[in-house]
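The values are calculated or read from the model by the stated rules, or taken from the named source; none is laboratory data. Please read all numbers here as calculations on a predicted model, not as lab measurements. As a convention, Cβ positions derive from the backbone with ideal geometry for all residues, glycine included, and neighbour counts pool all protein chains shown. Surface accessibility is based on the protein's heavy atoms, side chains included, excluding ligands, DNA and RNA. Shrake-Rupley method; radii C 1.70, N 1.55, O 1.52, S 1.80 Å.
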There are 2 protein chains.
Amino acid sequence: MPELAYLNGKVLAIQEAFVSIEDRGYQFGDAVYEVIPSYNGKMFKDKEHIERMVYSLKQLRFPEVSEEYLYNELNLFFNKAKLKRASVYMQVSRGVYKRKHYLPDIEKAKIQFVMTIRNITKDDVETDRKRKKGISVITVNDARWGRCDIKTVQLLANSLAKQTALDARVEDAVFISEEGIVREASSANIFIIKNGIIFTHPKTFNILSGVTRSEIIEIIKKKNLTLIEDFYTDRKLINADEAFLTGSITEVMPVIFVNGNQIGTGVPGKITKDIYDLLCKRMTS
Amino acid sequence: MPELAYLNGKVLAIQEAFVSIEDRGYQFGDAVYEVIPSYNGKMFKDKEHIERMVYSLKQLRFPEVSEEYLYNELNLFFNKAKLKRASVYMQVSRGVYKRKHYLPDIEKAKIQFVMTIRNITKDDVETDRKRKKGISVITVNDARWGRCDIKTVQLLANSLAKQTALDARVEDAVFISEEGIVREASSANIFIIKNGIIFTHPKTFNILSGVTRSEIIEIIKKKNLTLIEDFYTDRKLINADEAFLTGSITEVMPVIFVNGNQIGTGVPGKITKDIYDLLCKRMTS
């Protein structure tokens, strides 16, 4: 089956899916999204993604959209496409209104619910190659807005940070607060390991509560490893024994250089690999 | 003539203007915009708006779009609509690409250039009424991203701040930095007056360099009033003799209450009125 789009209940070709230029998603970035991977023709953690989308919608005071509705539409759409290894992109925007800054009166009917489903591409195969070798990252000042816990389409700072990384001939950028706190990468969470102890930024307004992040935390706890969810600095990141990014498409990505400094022995670490193996089992089970 | 839309060179009804769901403006907030008012069938400061749009595009590394091109398209479109008192909304987004965080290879052909022109509405007549009486505002923490000098569509923080103001039964919200520095309102710059001296936030990444702000500064200088473009706190705002917002649609809006504290005598101040009269002469000349 081909790659497809979904627009408010209709399934159509991606090239044929359009929204009004006065959609608030287009004029105000007033939209939330999710990206859900599939393995062997089954979506992974679709319920958790839907839950997070409903959280995002609530935070932005959208009209109430039920988890059941989103879940059913997503699954109908996914089953129509029948792609084995794919990523589903879901976006809900507030809809079409005459342009005014204040939130328009809640009208459920106006919400735009769009999806696309696409095959995993060459870029993602490239990702597999990088996962084996480990990647290099740089740190950048976090210039994003104050509610990164909400998965909105206000992604320019993320986009520019990713491009800054590519310009510096590394794979990704990690956002650092003014105080030097390590937050997350341009579209992934980050974990570090020092002397067998694992650290990651706690859930606050400044990071996304990643679905894969939660999965990794579960894995860490089941393995009886020590996890500290607390603030840590870029200095600690650079001095880590291991470091890795996590995300729905990223999965687990070992980091072997930060700002030109080698992490550990410069190859993906043992604990990172163990954790990734356990994640793989979950993804494909 | 009716209200109209413009889409990549074509003029059409606003209801018929659509963009792809994979436009980066929709998926990443990767777009810039301008709003230009007209008086007596003539646009005010259209060249300055175009200059700022080109600045925004450059900052975001868009393909080069010339001022001449934007200016000519804008004027052709405006002349087609022949609306006397209108606002023109212009937006340029990076265009349609398969969704990836990094900036796609520069392709001028893919840029989407959209415009709408609309009559001044009842809301704006309401604005005139408020202008005579003065408005109340609240201060809110500035949760916007770090490049508010670029006029992007990443406006959720602005939108939510405006709504917070309306919920508090006041007209607008003024963004304050963590250190208590007064930045600007949800879609307008802010000036205060104390003992005959006028203060406004300097041009930095944290405020928009308003076209009306520049015009007001010119007026202040011509009147030989003292202007200090420097940081000042919310405490100073509350203790001001006069305060006013400026913007292309806002024009000059006197502020008479801040967080429930009366500014000056609780009516629009004399200097504010003088400045607004001079702006009006420029707008309609």
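For the protein assembly as shown, with equal point scatterers placed on the C-alpha atoms only and solvent neglected, what are the log10 I(q)/I(0) values from the Debye formula at q = 0.05, 0.07, 0.10, 0.12 1/Å, to two decimals?
Debye intensities relative to I(0), on a log10 scale: -0.23, -0.44, -0.88, -1.20.
Sort out for me the Cα centre separation of region B:193-230 from region A:150-167, rounded to whole Å.
When both Cα centres are located, 33 Å separates them.
Can you tell me the relative contact order of region B:4-119? Whole percent, Cα pairs under 8 Å, sequence separation 6 or more.
38 percent
At 7 angstrom along the Cα-to-beta-carbon line, where would the label on A:THR233 sit relative to the other copies? Give the distances in nm, shortest first.
Distances to the matching label points in the other copies: 2.8 nm.
Placing a label point 7 Å from Cα toward Cβ, how far apart in nm is A:ASN261 from its equivalents in the other copies, listed shortest first to one decimal?
Reported distances to equivalent positions: 4.4 nm.
For a 22 Å ceiling on Cα separation, which of these pairs sit above it: A:LYS203/B:LYS162; A:LYS108/B:LYS110; A:LYS80/A:LYS132; A:LYS84/A:LYS133; A:LYS45/A:LYS132; A:LYS58/A:LYS108? Don't skip to the end; give the middle numbers.
Values: A:LYS203/B:LYS162 27 Å; A:LYS108/B:LYS110 32 Å; A:LYS80/A:LYS132 33 Å; A:LYS84/A:LYS133 26 Å; A:LYS45/A:LYS132 24 Å; A:LYS58/A:LYS108 13 Å.
Pairs exceeding the cut-off: A:LYS203/B:LYS162; A:LYS108/B:LYS110; A:LYS80/A:LYS132; A:LYS84/A:LYS133; A:LYS45/A:LYS132.
Please list the equivalent ellipsoid semi-axes of chain A, computed as the square roots of five times the alpha-carbon gyration tensor eigenvalues, in descending order and whole angstrom. Don't skip to the answer; put the middle values down first.
On the way: eigenvalues 215, 95, 59 Å².
After scaling each eigenvalue by five and taking roots: 33, 22, 17 Å.
With label points built 7 Å along Cα→Cβ from the Cα atoms of A:LEU166 and A:LYS80, find their separation and express it in nm.
3.1 nm
If you count only protein heavy atoms with a 1.4 Å probe, what accessible area per residue comes out for chain A, rounded to a whole Å²?
Working: 12230 Å² over 285 residues.
Per-residue value: 43 Å².
How charged is the neighbourhood of B:VAL32? Take every other residue with its Cβ under 12 Å from the Cβ of B:VAL32, and add Lys/Arg as +1 and Asp/Glu as -1.
+4
Mind giving me the FRET efficiency for B:ARG129 and B:LYS203? R0 is 41 Å, r the Cβ-Cβ distance, nearest 0.05 is fine.
Once rounded, the FRET efficiency stands at 0.85.
Treat every Asp and Glu Cβ in chain A as -1 and every Lys and Arg Cβ as +1, leave all other atoms uncharged, and give the resulting dipole magnitude about the Cα centre to the nearest 20 debye.
Numbers: 43 positive and 37 negative charges, 93 e Å.
In debye, rounded to 20, chain A gives about 440.
With charges set only on the Cβ (+1 for Lys and Arg, -1 for Asp and Glu), what does the dipole of region A:1-141 come to about its Cα centre, in debye to the nearest 20?
460 debye
Leaving out ligands, DNA and RNA, and with a 1.4 Å probe, what % of the accessible surface on chain B is carbon or sulfur? Write down the numbers at each step before the final one.
Working: 6110 of 12220 Å².
C and S atoms contribute 50 percent here.
Could you pull out which residues in region B:13-47 have an amide N less than 12 Å from a spot 7 Å beyond the Cα of A:LYS110, following the Cα-Cβ vector?
From region B:13-47, the list is empty.
How big a patch of accessible area, both sides summed and in Å² to the nearest 100, lies buried between B and A at a 1.4 Å probe?
Adding both sides of the contact gives about 4900 Å².
Less than 19 Å apart at the alpha-carbon level, and either on another chain or at least 8 residues along: which aspartates and glutamates does that give for B:LYS270?
Once the sequence-local aspartates and glutamates are set aside, what remains near B:LYS270 is B:ASP128, B:GLU215, B:GLU218, B:ASP241, B:GLU242, B:GLU251.
What is the antiparallel percent of DSSP beta bridges lying wholly in region A:124-266, to the nearest 5?
If we restrict to bridges inside region A:124-266, about 60 percent are antiparallel.
For chain A, build the charge dipole from Cβ charges (+1 Lys, Arg; -1 Asp, Glu) around the Cα centre, then report which of A:THR139, A:THR152, A:ASN79 sits farthest towards its positive end.
After comparing all options, I get A:ASN79.
Take every residue in peptide A:150-162, count the Cβ atoms of other chains within 10 Å of its Cβ, and give the average of those counts.
Rounded to a whole number, the mean comes out at 6.
Taking the dipole about the Cα centre of region A:4-119, with the C-beta of Lys and Arg at +1 and of Asp and Glu at -1, give me whichever of A:LEU7, A:VAL65, A:TYR97 is farthest to the positive side.
The residue sitting farthest along the positive end of the dipole is A:LEU7.
Label B:THR121 and A:THR284 with points 7 Å out from Cα along Cα→Cβ: what is the distance between them in nm?
Those two pseudo-labels are separated by 5.4 nm.
Taking the label point 7 Å from Cα in the Cβ direction, how far apart in nm is A:ILE106 from each other copy of itself, listed shortest first?
For A:ILE106, the inter-copy label distances come out at 4.6 nm.
Run the helix sum for chain B: -39,500 (n - 2.57) per DSSP H stretch of 4+ residues, divided by residue count, reported at 222 nm to the nearest 500 deg cm²/dmol.
-9500 deg cm²/dmol
Send over the per residue convex hull volume for region B:31-113, Cα only, as a whole number of Å³. Please report the intermediate quantities before stating the final value.
Values: hull volume 7.3 nm³, N = 83.
Measuring per residue, one finds 88 Å³ for the Cα hull of region B:31-113.
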